[in-house]
Amino acid sequence: MPSEFSRTELLLGKRALQKLADSRVAIFGLGGVGGYAAEALIRSGIGAVDLIDHDRISITNLNRQIYATLSTIGEYKTDVAAKRIADINPRAIVRTYKTFYTPQTAEQFDFSNYDYIVDAIDTVTGKIALAVNAYAARTPIISAMGAGNKTDPTAFEVADIYETSICPLAKVMRRELKRRGIPALKVVYSKEPPLVPAAYTENLGADEISPPDAAKPAARRPVPGSVSFVPPVVGLIIAGELVKDLTAPPAEQKRQ
């Protein structure tokens, strides 16, 4: 009898589909990248997801985030995501955390409970903590590098962090992970040089683009510009890599 995952089973096979159903994935960040990663993973048959994001949906999210609609403005991203997931696959186990992931909040999560981790957050300290804790738990992780201020979705590629170039965020991550003895990190990044947002050259302040968030640190970099067709591509690449890794034959998984 046909099911919601019949087409996936035709392509990947019954064993792979069962592996996905038995897997638990943590998705840190449900913005333009993480939201689309979550969507693709649920539609791929992942059986359990932990969704971690402290933000509420704002009007500035409408241009690129899958959970952002006029009717969801003001709601927590985790709550909207959980409701949407239940409407796609009600059998999926969903755990939500309204948490801003930092080294200080990291103790809330036991990475050994996960089969894979998605890093779709945008703070360097949080991304470093995710990579360090995933490495300590020997849990696979894939990390999104900078998608803001980019306009070419075809430029993104998958690489180890130490093979990256040009991307400013990847440069910082390479340096900091090397200091911490982290030997590898799978990332999605782009060699496209980030643009200077037109709003800043036209002398608009960050507050005119996005209202300040009291839950985030006061000192933060300028708000990056973004378009509808770049962050989703990064999220979909992440989902594809994760599904590929989880369903790979055991011999190939050992080499990863």
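Output yes when any residue across the stretch 90-97 is surrounded by fewer than 18 Cβ atoms within 10 Å (Cβ to Cβ) and assigned to a helix (DSSP H, G or I), and no when none is. Scanning the stretch 90-97, I find no residue that is surrounded by fewer than 18 Cβ atoms within 10 Å (Cβ to Cβ) and assigned to a helix (DSSP H, G or I), so the answer is no.
Scan the stretch 163-184 for residues that are under 19 Å from Val234 (Cα atoms) and either without any contact (Cβ under 8 Å) to a residue 40 or more places away in the chain or in a loop (DSSP other than H, G, I, E, B) (or both) and the total you get is 8. Would you tally the residues in the stretch 28-64 being in a loop (DSSP other than H, G, I, E, B) and in contact (Cβ under 8 Å) with a residue 40 or more places away in the chain? Residues in the stretch 28-64 being in a loop (DSSP other than H, G, I, E, B) and in contact (Cβ under 8 Å) with a residue 40 or more places away in the chain: 14 in total.
Quick check on my filter: what residues within the stretch 180-196 are over 16 Å from Leu130 (Cβ atoms) and modelled with pLDDT of 95 or more? Answer for the stretch 180-196, where residues must be over 16 Å from Leu130 (Cβ atoms) and modelled with pLDDT of 95 or more: Ser190, Lys191, Glu192. Considering the conditions (1) over 23 Å from Arg138 (Cβ atoms); (2) of a type outside the set (Val, Ile, Thr); (3) at pLDDT 95 or above; (4) surrounded by 12 or more Cβ atoms within 10 Å (Cβ to Cβ), Ala199 is excluded by exactly one of them, (3). Out of Asn149, Asn89, one residue alone is over 14 Å from the mean Cα position of the chain (by Cα) and at pLDDT below 95. It is Asn149. Considering (1) outside any helix (DSSP H, G or I); (2) buried (at least 20 other Cβ atoms within 10 Å of the Cβ), the lone condition that Leu130 does not fulfil carries the number (1). The residues in the stretch 36-56 that are under 21 Å from Thr125 (Cα atoms) and buried (at least 24 other Cβ atoms within 10 Å of the Cβ) can be counted, and the count is 3.
The set of residues in the stretch 107-123 that are touching a helix residue (DSSP H, G or I) at 6+ places or on another chain (Cβ under 6 Å) and either among the acidic types (Asp, Glu) or surrounded by fewer than 16 Cβ atoms within 10 Å (Cβ to Cβ) (or both) comprises Ser112, Asp119. The set of residues from the stretch 58-74 being out of contact with any helix residue (DSSP H, G or I) (no Cβ under 6 Å at 6 or more places or on another chain) and either surrounded by 16 or more Cβ atoms within 10 Å (Cβ to Cβ) or among the hydroxyl-bearing types (Ser, Thr, Tyr) (or both) comprises Ser58, Thr60, Asn61, Thr69, Ser71.
The values are calculated or read from the model by the stated rules, or taken from the named source; none is laboratory data. As the structure is a prediction and not an experimental result, all values here were calculated from the model. A quick note on method: Cβ atoms are made from the backbone with ideal geometry, for glycine too, and the neighbour counts reach across all protein chains shown.
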